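Student: Pasting a structure here, questions to come.
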Amino acid sequence: CRKAILEFLPLANIVKISDEELEFITGYDTVDKAKEVLFNGSVKMVIFTKGKDGAEIYTKDKVVSIEGNVVEVVDTTGAGDSYIGAVSHSIIEGKSLIEACKFATKCSAITVCRMGAQPSMPTLEDVE
């Protein structure tokens, strides 16, 4: 699995990786150490999600922090999926990557407050 991820990683423009995935995929425990692995090929930006601690958007020379939401966690299943879905939706709507990540952080906070993968996915109205 790790080998396949590393094979296809350079084909992406934006990579979303969580604090739980970072060391498994890159072999490093911090983004600063993992930059050489992550910024490979076409990769221009890395979104590093950190659960309740929010996210960080990395470019090769800049970091932007996105504040997290502290909620009562019921189930984390689907949090990453709702996050990347919300980022994708926001980009399609013409929002900046920073705005997209702020929206996605809210979306994931709602997701983890519910049980299950599919049933926990919030609607647009839930997030707004």
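The values are calculated or read from the model by the stated rules, or taken from the named source; none is laboratory data. None of these values were measured; they are calculated from a predicted model. Methodologically, a virtual Cβ is constructed for each residue, glycine included, from the backbone with ideal geometry; neighbour enumeration extends over all protein chains shown. Each accessible area value is taken on the protein alone, full model and side chains, heavy atoms only, with ligands, DNA and RNA left out. Shrake-Rupley method; radii C 1.70, N 1.55, O 1.52, S 1.80 Å.
Student: Mind checking the full-extension length gain between Glu99 and Val64? Use 0.36 nm per residue of separation minus the Cα-Cα distance, one decimal, nm. The partial results should precede the final answer.
Tutor: Details: separation 35, 0.36 × 35 = 12.60 nm, distance 1.14 nm.
11.5 nm is the gain from fully extending Glu99 to Val64.
Student: Relative to the Cα centre, what is the charge dipole magnitude of region 18-95, using +1 at the beta carbon of each Lys and Arg, -1 at the beta carbon of each Asp and Glu, and rounding to the nearest 20 debye?
Tutor: Numbers: 8 positive and 15 negative charges, 89 e Å.
Magnitude of the dipole: close to 420 debye.
Student: Quick one: Cα centre-to-centre distance for region 1-64 and region 79-102, in angstrom?
Tutor: Cα centroid of region 1-64 versus Cα centroid of region 79-102: 17 Å apart.
Student: Still on this structure, please answer the following. Where both partners of a DSSP beta bridge lie in region 4-128, what percent of those bridges are antiparallel, to the nearest 5? Walk me through the numbers before you get to the answer.
Tutor: Details: 8 of 13 bridges.
If we restrict to bridges inside region 4-128, about 60 percent are antiparallel.
Student: Right, here's the next one. Work out how much length Lys33 to Lys3 would gain on full extension: take 0.36 nm times their residue separation and subtract the Cα-Cα distance, in nm to one decimal. Show your work: numbers first, answer last.
Tutor: Values: separation 30, 0.36 × 30 = 10.80 nm, distance 1.88 nm.
This chain segment gains 8.9 nm when fully extended.
Student: At a threshold of 8 angstrom on Cα-Cα distance, excluding pairs fewer than six apart, so keeping six or more, what relative contact order does region 70-128 reach in percent? Intermediate values should be presented prior to the final figure.
Tutor: On the way: 82 pairs, mean separation 25.7, N = 59.
For region 70-128, the relative contact order is 44 percent.
Student: Counting only heavy atoms of the protein chains, get the accessible area per residue of the chain (1.4 Å probe) and round it to a whole Å² value. Each step should come with its number before you reach the end.
Tutor: Working: 7630 Å² over 128 residues.
Normalised by residue count, the accessible surface of the chain is 60 Å².
Student: Over the chain, what is the relative contact order in whole percent, taking alpha-carbon pairs under 8 Å and six or more residues apart? Numbers along the way, then the final one.
Tutor: Working: 213 pairs, mean separation 23.6, N = 128.
Once divided by the residue count of the chain, the mean separation gives 18 percent.
Student: Tell me the relative contact order for region 54-100 as a rounded percent, counting alpha carbon contacts under 8 Å between residues six or more apart.
Tutor: Values: 31 pairs, mean separation 12.5, N = 47.
27 percent.
Student: Would you work out what percent of the accessible area of the chain, with all protein chains in place, is carbon or sulfur (probe 1.4 Å)? Don't skip to the end; give the middle numbers.
Tutor: On the way: 4010 of 7630 Å².
So the carbon and sulfur contribution to the accessible surface is 53 percent.
Student: Averaging over every viewing direction, what projected area does the convex hull of the Cα atoms of region 4-128 cover, in nm²? Could you put the intermediate results ahead of the total?
Tutor: Values: hull surface 30.6 nm².
Hull-based average projected area comes out at 7.6 nm².
Student: For region 28-69, what does the alpha-carbon gyration tensor say about shape, rounded, prolate or oblate, given a ≥ b ≥ c as the root eigenvalues, a/c under 1.5 as rounded, and a/b over b/c as prolate?
Tutor: Details: a/c = 2.44, a/b = 1.71, b/c = 1.42.
Because a/c hits 1.5 or more and a/b exceeds b/c, region 28-69 counts as prolate.
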